[in-house]
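The values are calculated or read from the model by the stated rules, or taken from the named source; none is laboratory data. These numbers come from a predicted model, not from an experiment. Don't worry about glycine lacking a Cβ; one is built from the backbone with ideal geometry, like all the others, and counts go over all protein chains shown.
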Amino acid sequence: MQATIKRYPTSPISGQTLGTSGLRKRASEVENTPNYLENFVNAMFNAASNLQKPGKIIIGGDGRYLNLKALDIIIRVALSRGFTDIVVGKSGFMSTPAESATIIRRKAEAGFIMTASHNPAGKEHGDFGLKLNMSNGGPAPIEVTSKIEESARNIKEIVIAELNKPLNIDSVGDIEIECEGKKAVVHVIDPLEDYIAYLHECFDFENLKQFVSKYHLKVQVDGFNAVTGIYNKKVFCELLGLPESSLKNAIPMPDFGGKHPDPNLTYAAELVHAVIPEDSPYDIGFAFDGDGDRNLIVGRGAFVSPSDSLAILSTKYNDIPFFVKNGFKGVARSMPTSAAVDHVTSITETPTGWKFFGNLMDSGKISLCGEESFGTGCCGIREKDGIWAALCWVSILAAESERAQRLVGVKEILESHWAKYGRNYYQRYDFDEVDKKAAEDMMQMMRDNAKTVKCDLNGVPLKFCDDFEYHDSVDGSVTSKQGIRFVFEDGSRIIFRLSGTGSVGATIRVYFDKYSKDYKADQTKVLADMVTVAYAVSQITKFTGREKPSVVT
């Protein structure tokens, strides 16, 4: 195959900004704006420190609409910049955790991940996303993404290779390309290969398979018709021995079959209604988001919140082979995540965004980290990992059942944890697609009033109100304006954040976190006073016109 380098002038395109983890835009905007992807990909190569000299790069994605077009452009821009060692997942597939593992195992300089994560997909109403990962396998830090944004704002020229025939990436193998005298190879790989090898280092699959067989474990796994479908079959059916009937929505589709791949109680209703009832035939259920880095854990009679999952994994790490082999050094959580894990061990508190865990993991300070937004992961890779979290829970069930010599369920483990450590009642309100200026004005009003605001929580006085600022203990960097906190004398917290993962307008997230030793209370009643206070101090209805949230988790 032959390639010729072309250069042509361009102009900046407004709105090419990176949120919590990369670019997120409506697919229709990306598709209908001339040079949208060419501009942005060139900006990435112009600005990112790990793309300044040719090295190995990995490209994959969650299978959503426009991914194949983006993949083609990334390859051709890479060729034009002299990159000769390009690795892509077959048919463009590779989950985010799998790509992190592939970057690490193949010692790549960078990875391009085509995903809008838990956002919907499709031509008309779906989103497209693209993010850059570094050589450690983790998301690009703020100093890199800021330079990419600056490059996009000032771009004047597109540099790209033109191929003499289309690339075929639907078969594993090497594609040799000669680009103006330089030979390059596009390696099309099985997107499962490196990730499954990594999972074998983390878990004892023979033991887990025996456990599943011994107790006839009934499991349901929802892949939302996204990329984890191809991984779920390998992991849950081939390695654990579960029947294929355990898998739901397991065929990746460009529009995810119309499903919203956010693994929470609202969008994973099919799984929730099948598994949570007390008379359910299922023992445990899992759902994973579009790119496979988020997880939902439910059991018969039980929903395991991400915050509780992190806390329980922190107490049961000896049941997880990865930690037995590598040690358990510490835990980090994002600031809005409930303080459940704080009652178990000392923690490091970071802003929202997996990239903030990277320095802590690279320096050996932490082994486990988690976010309230259904993300859990370990230092084995540098991304959160839905399937890894699910296998941790299967490992815990296996160990507890072995000790009890009977099948121990999710609900029993959850309630046993609460009985010992107490319970953090927790809820998140999402106000989606609100006017961006109105949301920013609301946040600024609370910042302005932080030192003088007066409120109490059913008689419990406010301890302080601030705008969370993170000081990285590894490199000394400071990240400000990461969420407004109302912290009360009993430790209860109300938190306001603008999300960086939406594609239209702004999303306001409001978090409620309250600790109690009584773990059997009604969550809605426990948090009712906090909701009233939150509406009052934020004036959210006045600013947004919204009386109710779009989603409650």
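Among the residues of the stretch 149-188, those that are charged (D, E, K, R) and either at positive phi or in contact with a Pro (Cβ under 8 Å, 6 or more places away or on another chain) (or both) comprise Arg153, Lys156, Glu157, Glu180.
Applying the criterion of being more than 30 Å from Asn168 (Cβ to Cβ) and among the aromatic types (Phe, Trp, Tyr) to the residues of the stretch 187-212, the residue that is farthest from the chain's Cα centre (by Cα) is Phe211. Between Ala108, Ala98, Ala121, the distinction of being buried (at least 24 other Cβ atoms within 10 Å of the Cβ), farther than 10 Å from Gly60 by Cα, touching an Asp or Glu at 6+ places or on another chain (Cβ under 9 Å) and not aromatic (Phe, Trp, Tyr) belongs to Ala121 only. Before we move on, is Ile312 without any contact (Cβ under 8 Å) to a residue 40 or more places away in the chain and aliphatic (A, V, I, L, M)? Against the criterion (without any contact (Cβ under 8 Å) to a residue 40 or more places away in the chain and aliphatic (A, V, I, L, M)), Ile312 does not qualify. Only residues that are within 19 Å of Asp204 (Cβ to Cβ), under 23 Å from the mean Cα position of the chain (by Cα) and not in a helix (DSSP H, G or I) were counted across the stretch 317-350, and they come to 2. Can you say whether Asn119 is assigned to a loop (DSSP other than H, G, I, E, B), under 16 Å from the mean Cα position of the chain (by Cα) and of a type outside the set (Gly, Ala, Ser), as far as the supplied structure shows? When the stated conditions are applied, Asn119 passes them. Quick one: is Asn39 at pLDDT 95 or above, buried (at least 19 other Cβ atoms within 10 Å of the Cβ) and either outside the structural domain of Phe288 (by TED's automatic domain parsing) or out of contact with any Ser or Thr (no Cβ under 8 Å at 6 or more places or on another chain) (or both)? So Asn39 passes the test. For beta carbons closer than 8 Å, sequence separation of 6+ or different chains, a first residue in the stretch 215-236 that is over 14 Å from Ser95 (Cβ atoms) and a second that is at pLDDT below 95 and aromatic (Phe, Trp, Tyr), there are no qualifying pairs. Note on the stretch 36-64: residues that are over 23 Å from the mean Cα position of the chain (by Cα) and either free of Cβ contacts under 8 Å to residues at least 24 places away in the same chain or over 30 Å from His260 (Cβ atoms) (or both) total 12.
Every listed requirement among (1) under 23 Å from Pro252 (Cα atoms); (2) of a type outside the set (A, V, I, L, M); (3) assigned to a helix (DSSP H, G or I); (4) at pLDDT below 95 is met by Asn50 save one, (1). Each residue in the stretch 6-36 was checked for being more than 10 Å from Ile148 (Cβ to Cβ) and either outside any strand (DSSP E or B) or not assigned by TED's automatic domain parsing to the domain that holds Gly126 (or both), and 18 of them qualify. When each of Val434, Val478 is tested for being of a type in the set (A, V, I, L, M) and either out of contact with any Asp or Glu (no Cβ under 7 Å at 6 or more places or on another chain) or farther than 30 Å from Thr115 by Cβ (or both), the lone residue that passes is Val434. Scanning the stretch 351-379 for residues that are basic (Lys, Arg) and in a helix (DSSP H, G or I) gives a single hit, Lys355. Checking the stated criteria, Thr376 turns out to be buried (at least 17 other Cβ atoms within 10 Å of the Cβ), polar (S, T, N, Q), touching a residue at least 12 places away in the same chain (Cβ under 8 Å) and in contact with a Cys (Cβ under 8 Å, 6 or more places away or on another chain). Please state which of the following conditions Val504 fails to meet, knowing it meets all the rest: (1) touching a Cys at 6+ places or on another chain (Cβ under 7 Å); (2) at pLDDT below 95; (3) hydrophobic (A, V, I, L, M, F, W, C). In the conditions (1) touching a Cys at 6+ places or on another chain (Cβ under 7 Å); (2) at pLDDT below 95; (3) hydrophobic (A, V, I, L, M, F, W, C), Val504 misses (1) alone. Taken together, the residues in the stretch 291-306 that are crowded, with 24+ Cβ neighbours inside 10 Å and either outside any loop (DSSP other than H, G, I, E, B) or not assigned by TED's automatic domain parsing to the domain that holds Glu412 (or both) amount to 6. Please tell me if Ser395 is within 30 Å of Tyr215 (Cβ to Cβ) and assigned by TED's automatic domain parsing to the domain that holds Leu265. The answer is yes for Ser395. Scanning the stretch 400-443 for residues that are out of contact with any strand residue (DSSP E or B) (no Cβ under 9 Å at 6 or more places or on another chain), surrounded by fewer than 18 Cβ atoms within 10 Å (Cβ to Cβ) and more than 30 Å from His125 (Cβ to Cβ) returns Ser401, Glu402, Arg403, Ala404, Gln405, Arg406, Leu407, Ser416, Ala419, Lys420. The listed residues are Ile169, Ile175, Ile75, and the only one of them that is at pLDDT 95 or above and either buried (at least 24 other Cβ atoms within 10 Å of the Cβ) or hydroxyl-bearing (Ser, Thr, Tyr) (or both) turns out to be Ile75.
Evaluating Arg406 against the criteria (1) outside the structural domain of Asp293 (by TED's automatic domain parsing); (2) of a type in the set (D, E, K, R); (3) out of contact with any Lys or Arg (no Cβ under 9 Å at 6 or more places or on another chain) leaves one unmet condition, (1). The residues of the stretch 130-157 that are buried (at least 18 other Cβ atoms within 10 Å of the Cβ), outside any loop (DSSP other than H, G, I, E, B) and of a type in the set (A, V, I, L, M), listed by number, are Leu130, Leu132, Val144, Ile148, Ala152. Restricting Thr4, Thr20 to those that are surrounded by 15 or more Cβ atoms within 10 Å (Cβ to Cβ) and either among the polar types (S, T, N, Q) or at pLDDT 95 or above (or both) reduces the list to Thr20. In the stretch 213-246, the qualifying residues are those that are under 21 Å from the mean Cα position of the chain (by Cα) and aliphatic (A, V, I, L, M), and the one that is farthest from His200 (Cα to Cα) is Ala226.
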